[in-house]
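Accompanying notes for the structure given below.
The values are calculated or read from the model by the stated rules, or taken from the named source; none is laboratory data. Bear in mind the structure is a predicted one, so any value in this text is a computation, not a measurement. With ideal geometry, Cβ positions are generated from the backbone for all residues, glycine too; neighbour counts draw on all protein chains shown. Note: areas computed on protein heavy atoms with side chains; ligands, DNA, RNA excluded. Shrake-Rupley method; radii C 1.70, N 1.55, O 1.52, S 1.80 Å.
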Amino acid sequence: MEQYENAIEISGLRKCYDGFTLDDISFDVPKGSIMGFIGQNGAGKSTTMKAILNIIKTDGGSIKLLGMDHSKDEAQIKECIAAVFDECPFHDSFKAKQINILFRGLYQNWDEKQFFDYLDRFHLPRKKKIGEFSKGMKMKMQIAAALSHKARLLIMDEPTTGLDPVVRNEILDVFREYLNDENNSILLSSHITSDLDKIADCVTFIDNGKLLLTGYKDEILESHGLMKCSKEDYNEIDPGDIISARINEYSVDIMVSDREKMSKKYSGILIEKTNLEEIMLFYVNRSKKEWS
């Protein structure tokens, strides 16, 4: 089962709803990596996640997890993956003991000791009901459960949303540890791009159901740049070189996708390095071309 190059392979994924279409989404999550899956709310991230987990049926395309077909091999796949959602799936009346019993019956490789070790590490009470937990405690409980059956792939939908920075960093550290085993992989959906700046190896960016960018994070950050120029200089720039432009009172910021090439073409204009948040912002506004 370990003989696969990509933990996830998605090709031509399509799902149609009334008023929204996930349109021809294709990307891979290399084995041993963290893929940051970014986009605005309503971009199609959760729909993609549900399709990957076979919670919803697709209208086209193929999905492979750990080298297996996500639908035909679903039972075998579910033994080897774990999913974590923004909303806690455990019943409010459950305590740690009930969760342990539940998962012990679900997974052949359930590790009771590891589960309770994570609870101790996360300072989670064993005798308190889930309903009395804070949001951060509920997320830690989900992650403790997800990491205790030797899953090779974690699929997480907004796991750090609404958590304070200390708890977020604690959780990101656990993800880094998990990736110390090069057979483990993570698909992490988030709109907190600063978290992905810290831990993601790769990034896939979708907007309005369409794929905009996918690849290694460092390569995307290295190739893109933020050109800063006067309004006069802006009028001289080829529109084909512009992803979108932010018009300020006295100047213009322009996102470009080939910083090296643009530096040679417009040698007198400053082009700065950028970050995931800026890239996301400029791509989202690409249809307007100009915004403020």
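For region 70-79, check the following and say yes or no: at least one residue is among the basic types (Lys, Arg) and touching a residue at least 24 places away in the same chain (Cβ under 8 Å). Even if it seems obvious, please write down each step before you answer.
Pass one, region 70-79, residues among the basic types (Lys, Arg): 72, 78.
Those left that are additionally touching a residue at least 24 places away in the same chain (Cβ under 8 Å): none.
Within region 70-79 (the criterion being among the basic types (Lys, Arg) and touching a residue at least 24 places away in the same chain (Cβ under 8 Å)), the answer is no, since none of the residues qualifies.
Filtering region 87-102 down to residues that are crowded, with 18+ Cβ neighbours inside 10 Å and under 25 Å from the mean Cα position of the chain (by Cα), which residue is farthest from Lys135 (Cα to Cα)?
Phe90
What number goes with the only condition from (1) under 19 Å from Phe282 (Cα atoms); (2) modelled with pLDDT of 95 or more; (3) touching a Ser or Thr at 6+ places or on another chain (Cβ under 9 Å) that Lys217 does not pass?
Lys217 satisfies every listed condition except (3).
When you scan region 67-85, do you find a residue that is at positive phi and assigned to a loop (DSSP other than H, G, I, E, B), even just one?
Residues of region 67-85 at positive phi: 67.
Right, trim to assigned to a loop (DSSP other than H, G, I, E, B) and you get 67.
Yes, region 67-85 contains at least one residue that is at positive phi and assigned to a loop (DSSP other than H, G, I, E, B).
Is it the case, given these coordinates, that Asp173 is surrounded by fewer than 18 Cβ atoms within 10 Å (Cβ to Cβ) and part of a helix (DSSP H, G or I)? It would help to see each step written out before you state the result.
Numbers: surrounded by fewer than 18 Cβ atoms within 10 Å (Cβ to Cβ): yes; part of a helix (DSSP H, G or I): yes.
Judged against the criteria, Asp173 is a match.
Can you find a residue in region 266-275 that is crowded, with 17+ Cβ neighbours inside 10 Å and in contact (Cβ under 8 Å) with a residue 60 or more places away in the chain? Can you show your working first?
Pass one, region 266-275, residues crowded, with 17+ Cβ neighbours inside 10 Å: 266, 269, 271, 274.
With in contact (Cβ under 8 Å) with a residue 60 or more places away in the chain added as a condition, the list becomes none.
The answer is no, given that none of the residues of region 266-275 is crowded, with 17+ Cβ neighbours inside 10 Å and in contact (Cβ under 8 Å) with a residue 60 or more places away in the chain.
Take region 223-240 and flag every residue that is open to solvent by less than 50 Å² (accessible area, probe 1.4 Å), of a type outside the set (Ser, Thr, Tyr) and in contact with a strand residue (DSSP E or B) (Cβ under 6 Å, 6 or more places away or on another chain). Walk me through how you get there before you give the answer.
Taking region 223-240 and keeping what is open to solvent by less than 50 Å² (accessible area, probe 1.4 Å), we get 223-227, 229-230, 234, 237.
Subsequent filtering for residues that are of a type outside the set (Ser, Thr, Tyr) retains 224-227, 229, 237.
Result: Gly225, Leu226, Met227, Cys229.
Any idea how many residues of region 21-56 are open to solvent by 40 Å² or more (accessible area, probe 1.4 Å) and either at negative phi or in a strand (DSSP E or B) (or both)?
Of the residues in region 21-56, the ones open to solvent by 40 Å² or more (accessible area, probe 1.4 Å) are 21, 23-24, 26, 28, 31, 40-42, 46, 50, 55.
In the following step, the residues that additionally are either at negative phi or in a strand (DSSP E or B) (or both) were identified as 21, 23-24, 26, 28, 31, 40-41, 46, 50, 55.
Residues that pass the stated criteria total 11.
For region 133-148, give me each residue that is modelled with pLDDT of 95 or more and touching an Asp or Glu at 6+ places or on another chain (Cβ under 8 Å).
Ser148 - this is the single residue of region 133-148 that is modelled with pLDDT of 95 or more and touching an Asp or Glu at 6+ places or on another chain (Cβ under 8 Å).
I'm trying to understand the selection: among the residues of region 57-82, which are surrounded by 16 or more Cβ atoms within 10 Å (Cβ to Cβ) and over 20 Å from Tyr4 (Cα atoms)?
The answer is Thr58, and nothing else.
Please specify each residue of region 270-289 satisfying the condition of being more than 20 Å from Thr193 (Cβ to Cβ) and either in a helix (DSSP H, G or I) or modelled with pLDDT of 95 or more (or both). Quick ask: steps written out before the conclusion?
Of the residues in region 270-289, the ones more than 20 Å from Thr193 (Cβ to Cβ) are 270-271, 287-289.
Ile271 - this is the single residue of region 270-289 that is more than 20 Å from Thr193 (Cβ to Cβ) and either in a helix (DSSP H, G or I) or modelled with pLDDT of 95 or more (or both).
Pick from region 126-149 the residues that are in a loop (DSSP other than H, G, I, E, B) and without any contact (Cβ under 8 Å) to a residue 60 or more places away in the chain: which of them is surrounded by the fewest Cβ atoms within 10 Å (Cβ to Cβ)? I'd like the intermediate steps shown before the answer.
Initially, region 126-149 is screened for residues in a loop (DSSP other than H, G, I, E, B), giving 126-129, 133-134, 147-149.
Pick out the ones that are also without any contact (Cβ under 8 Å) to a residue 60 or more places away in the chain and you get 126-129, 133-134, 148.
Numbers: Arg126: 11, Lys127: 7, Lys128: 12, Lys129: 15, Phe133: 18, Ser134: 11, Ser148: 25.
Here the residue is Lys127.
For Asn180, only one of the following conditions fails: (1) closer than 26 Å to Thr214 by Cα; (2) polar (S, T, N, Q); (3) open to solvent by less than 40 Å² (accessible area, probe 1.4 Å). What is its number?
For Asn180, the exception is condition (3).
In region 110-125, which residue that is part of a loop (DSSP other than H, G, I, E, B) and at pLDDT below 95 is surrounded by the most Cβ atoms within 10 Å (Cβ to Cβ)?
Here is the first cut: in region 110-125, the ones part of a loop (DSSP other than H, G, I, E, B) are 110-111, 122-125.
Next, only the ones that are at pLDDT below 95 stay: 122-123.
Working: Phe122: 18, His123: 9.
Per the criteria, the residue is Phe122.
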